[in-house]
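See structure below.
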Amino acid sequence: MENLLVRAARGERTERPPVWLMRQAGRHIPEYREIRDAYSFLEAIKTPEVAAEITLLPWEYYRPDGLVMFSDILTVLEPLGFDYRIESGVGPVVENPVSGPDDVDREPGDVAEEISYVGELLDRLDERVGDETALIGFAGGPFTLASYAVAGEPSRTHLPLRKLRARHPEAFRTLLAAFADVVREYLQFQIDHGADVVQLFDTYAATLSPADYREFLLPLHRRILADLDAPSIVFVRRMNGRLEQLEATGADVIGLDWTVEIGQARERLGDRPVQGNLDPSYLFGDPSFVRERTREVIEAAGPRGHILNLGHGVDKDTPVESVEAFVDTAKAFSWD
Ligand code: CP3
């Protein structure tokens, strides 16, 4: 039978919810930290055998229903001419950020060539576990990527990018569109290399006002997600008041952060599949607490078209036992 996660993404009733965690392939796993002692982050994501080994760590620990490829949303910066690094204690840093409104009209390089390492990673994973679990590809959304490209570093308020919108709306539009074109091509490239589902992370997009989201970003989200050859998930934090805007993206699955009541989201979204949404901080509770809260999410979401996940990424200090309790609760659950 077809993969459980893909079936839920298509809106089918499943015997239990499929489960995976955003940021499952990262620092909360001890072996990840060991591998990172030997390779920088960029070396790790650009070396397919190392990235495959990291992607498979959560498989060895938890056997989730989906494996998210070990990579980063920032990979698409390079085809647009931005160089970046991950600085410990700071986060992503762009060496040559957008210098002004005249520096946004960028001719993208060849995605398949410049990000060939992700194609190779997915080929390897497909060969290793392609029949046993869903491979999840992903890309950042235009707003989140442009925020790093303009600010040059993590920005809590995203003010540098929002200033561009206020002062040079056409430059803002051009920059977002350049990212959208590359991201669309990149997601289809991942699908061509075996991704069964893809997630668009425009994590910070709710920083835009609803009117600006509708005018500038929604058409790009729609364009990115239209006609992909695999089901898509859209994830934007803090969209609780604006779920209808996420629905309008056309994504097959609507990602929910933990500030959304998943049962209410169901009522607002009709039969559109949803993903989420346990509060990641609950994984710092003891395993029985994790199991109880997880069951509540599953029951509130119902049997049709639900992919169990956290409401955002797993924190780096999360105990392995809690992730185990989370995954095992989904696997032991039965709607029959
Ligand atoms: O396990 C997975 O989910 C797969 C891989 C993945 C990473 N980043 C690995 C990573 C995914 C899906 C991402 C997405 C991502 N990256 C987003 C969107 C989703 C979200 O969580 O909001 C964003 C905004 C980024 C940009 C980025 N890259 C950040 C904020 C950081 C963390 C910086 C820090 O020091 O905390 C990174 C680096 C990064 N990406 C790490 C990992 C495991 C940590 C690298 C390390 O220190 O080893």
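Every read-out reported here was derived from the displayed coordinates using simple, explicitly stated rules and does not represent laboratory data. Values in this document were obtained by computation on a predicted structure and should not be read as measured data. A quick note on method: Cβ atoms are made from the backbone with ideal geometry, for glycine too, and the neighbour counts reach across all protein chains shown.
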DSSP beta bridge pairing in the chain, given as percent antiparallel to the nearest 5: 20 percent
Area projected by the alpha carbon convex hull of the chain, averaged over all directions, nm²: 15.4 nm²
Packing-based order for 77-88, 136-147, 191-202, 98-109, using average beta carbon neighbours within 10 Å, highest first: 136-147, 191-202, 77-88, 98-109
Centre separation in Å (Cα based) which lies between the range 275-336 and the range 41-95: 24 Å
Cα gyration tensor shape of the range 208-276, rounded if a/c is under 1.5, else prolate or oblate by comparing a/b with b/c: oblate
Base-10 log of normalised Debye intensity for the range 82-126 (one unit scatterer per alpha-carbon) at q = 0.16, 0.18, 0.31, 0.33 Å⁻¹: -0.70, -0.81, -1.01, -1.04
q = 0.09, 0.12, 0.13 Å⁻¹: log10 I(q)/I(0) that the Debye formula gives for the range 74-212, counting C-alpha atoms only: -0.29, -0.50, -0.58
Cα-derived Rg over Rh, computed across the range 179-336 with Rh taken as Kirkwood radius: 0.98
In the range 236-299, GluC sites (Glu not before Pro) in a DSSP loop with at most 14 other beta-carbon atoms within 10 Å: E261
Positive-end residue, the chain charge dipole about Cα centroid, Cβ charges, pick of V150, P79, M239: M239
Helix axis angle, 142-151 relative to the chain longest principal axis, alpha carbon, degrees: 50 degrees
Structure-based [θ]222 nm, the chain - -39500 (n - 2.57) summed over DSSP H runs of at least 4, per residue, nearest 500: -13000 deg cm²/dmol
Taking the chain and dividing mean pair separation by its residue count, relative contact order in percent (alpha carbons under 8 Å, at least six apart): 23 percent
Burial order of peptide ranges 11-19, 160-168 (average beta-carbon count within 10 Å, highest first): 11-19, 160-168
Rule-of-thumb Rg ratio for the range 40-86 [Cα; 2.2 N^0.38 Å; N residues]: 1.31
Residues whose placed amide H lies under 5 Å from that of Y84, excluding near-sequence neighbours: E95
Positive dipole terminus of the range 118-210, leading residue within V129, V197, L164 (C-beta point charges): L164
Interchain or long-range residues, amide H under 5 Å from V197's placed H: L135, G137
Cα coordinate range in the range 263-336, projected on the principal axes (Å, largest first): 36, 26, 14
Alpha carbon Rg of the range 1-112, scaled by the compact-globule rule 2.2 N^0.38 Å: 1.35
Nonlocal amide H pairs with G141, under 5 Å, H built at 1.01 Å: F201, D202, T203
Estimated vicinal HN-Hα couplings, Hz - the range 117-132 in sequence order (Karplus 6.51, -1.76, 1.60; Gly, Pro = x): 4, 6, x, 5, 4, 5, 4, 4, 5, 4, 5, 6, 10, x, 8, 9
Anisotropy class of the range 150-196 from Cα gyration tensor, a/c 1.5 cut: oblate
Shape metrics for the range 135-233, restricted to C-alpha atoms - Rg then Dmax, Å: 13.6, 42
